[in-house]
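Below: one structure, written as structure tokens.
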């Protein structure tokens with residue numbers, strides 16, 4: 001795989017000639033709705049078969065393997081070479097892809113039923129965990145179930161380990177009061193944990209993911225104690241426990257989103273954490289990249305100082321947003337859009353896509369039919385590759401997507417090119 005950025009005047013035919021591939025694989029890989037309409041600055045994933053190397057005089061397999069970052073043994077196997085010492089100038093060798101590192105990949109999913117099944121079938125081979133968002137919690141410790149049976153069956157077929165997600169949700173908002181009610185009563189906690197265990201056993205979940213947000217600062221230690229109670233009950237039964245954490249840059253960061261999330265405690269107690277390194281460009285704020293890599297790195301700098309790297313999944317967004325300008329605080333929220341949708345808007349309004357070098361994120365501006373100016377930030381193959389490079393640099397456990405119901409074919413191709421996905425052995 002290579003990433004090509006469309007230049008002015010280029011067509012798919014010219015691009016296909018440059019990389020010696022046909023047009024059809026490029027269209028399919030990027031799911032281009034109209035191959036005749038490319039946008040300047042658009043990133044395309046170019047699927048390329050194994051590289052070919054023409055042996056030069058005095059070259060040997062060790063030199064060739066070192067050049068391409070692979071091994072002599074891999075080249076020998078790929079080309080069925082009988083005697084590795086006998087290669088000759090002008091010989092054409094196929095250079096296989098070097099071994100890929102193995103990471104864990106979590107995907108949050110808000111869709112159930114047939115739609116959820118289709119999504120899991122499409123990307124399940126690239127997932128370690130499927131986190132179904134979300135079971136609700138009542139103030140008495142009972143669970144509010146979701147229609148997850150069909151999706152769980154498909155996850156099993158795709159060898160994806162499903163995680164039951166609980167969140168302090170009421171309606172469509174996180175509730176500090178609900179979390180407080182739970183965290184101040186061990187009786188309610190015991191009832192909740194019992195209900196979680198019963199549900200996990202009956203439905204085939206493999207672990208629990210806890211997404212408690214906007215927890216009151218005074219409940220910080222109560223939250224830690226709750227996690228200890230959960231782990232003491234679930235781990236002996238063979239279930240993993242993980243948490244989602246706000247992207248802090250220091251231990252005592254001020255703000256309701258951050259203060260009750262104790263990174264060292266989570267790093268000690270649970271099996272792994274999801275650092276939610278997205279929503280910097282949030283719907284009610286000014287235009288900004290959803291996950292600017294400089295801000296992501298600031299969060300990771302603190303995270304790896306407080307949590308073992310082997311317990312950190314870095315959050316990756318699979319969406320963008322379209323802001324109407326000028327931004328007015330308290331005005332209408334910016335709608336969330338899919339990366340494919342962003343490209344269609346750039347095509348429709350004839351906008352050139354730019355790439356922010358500091359944020360490592362694509363963006364563009366356009367003027368709509370009413371004469372209003374817009375600014376769009378989204379993700380593409382380049383920004384995803386930058387995130388994977390960051391995971392490698394920090395030596396993290398893997399990545400966690402919010403959320404996989406947003407179609408983004410380039411992401412999965414870049415992921416597949418970079419990593420092997422770890423699969424959890426079945427029970």
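The values are calculated or read from the model by the stated rules, or taken from the named source; none is laboratory data. Predicted model, so just to flag it, every value in this text is computed and none were measured. As a convention, Cβ positions derive from the backbone with ideal geometry for all residues, glycine included, and neighbour counts pool all protein chains shown.
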- Item | Pick from the range 228-243, criterion under 27 Å from residue 302 (Cβ atoms) and touching a residue at least 60 places away in the same chain (Cβ under 8 Å), ranking: surrounded by the fewest Cβ atoms within 10 Å (Cβ to Cβ) | 240
- Query: How many residues does the range 325-375 contain that are assigned to a helix (DSSP H, G or I) and exposed (fewer than 14 other Cβ atoms within 10 Å of the Cβ)?
  - Reply: 1
- Message: I'm told residue 76 meets every condition in (1) in contact (Cβ under 8 Å) with a residue 60 or more places away in the chain; (2) more than 27 Å from the chain's Cα centre (by Cα) except one. Can you identify the failing condition by its number?
- Response: (1)
- Message: Out of everything in the range 68-100 that is closer than 30 Å to residue 425 by Cα and surrounded by 14 or more Cβ atoms within 10 Å (Cβ to Cβ), what residue ends up being modelled with the lowest pLDDT?
- Response: 97
- Item | Subset of the range 150-202 [over 20 Å from residue 110 (Cβ atoms) and either at pLDDT below 95 or not in a helix (DSSP H, G or I) (or both)] | 159, 184, 185
- Working carefully through the options 30, 34, find the one that is crowded, with 20+ Cβ neighbours inside 10 Å and closer than 30 Å to residue 404 by Cβ. 30
- Would you check which residues across the range 22-48 are part of a loop (DSSP other than H, G, I, E, B), under 22 Å from residue 411 (Cβ atoms) and without any contact (Cβ under 8 Å) to a residue 24 or more places away in the chain and list them? 32, 35
- Of the residues in the range 376-395, how many are crowded, with 23+ Cβ neighbours inside 10 Å and either more than 12 Å from the chain's Cα centre (by Cα) or outside the structural domain of residue 303 (by TED's automatic domain parsing) (or both)? 5
- Note on the range 20-36: residues over 28 Å from the mean Cα position of the chain (by Cα) and under 25 Å from residue 361 (Cα atoms) are 36
- The residue that is surrounded by the most Cβ atoms within 10 Å (Cβ to Cβ), considering only those in the range 268-290 that are touching a helix residue (DSSP H, G or I) at 6+ places or on another chain (Cβ under 7 Å) and over 16 Å from residue 209 (Cα atoms), is 277
- Could you check, for the range 397-419, whether at least one of its residues is surrounded by fewer than 23 Cβ atoms within 10 Å (Cβ to Cβ) and under 15 Å from residue 322 (Cα atoms)? no
- Task: Would you check if there is a residue in the range 57-68 being outside any helix (DSSP H, G or I), closer than 26 Å to residue 360 by Cβ and out of contact with any strand residue (DSSP E or B) (no Cβ under 8 Å at 6 or more places or on another chain)?
- Result: no
- Note on the structure: Among 302, 280, the single one that is in the same structural domain as residue 249 (by TED's automatic domain parsing) and free of Cβ contacts under 8 Å to residues at least 40 places away in the same chain is 280
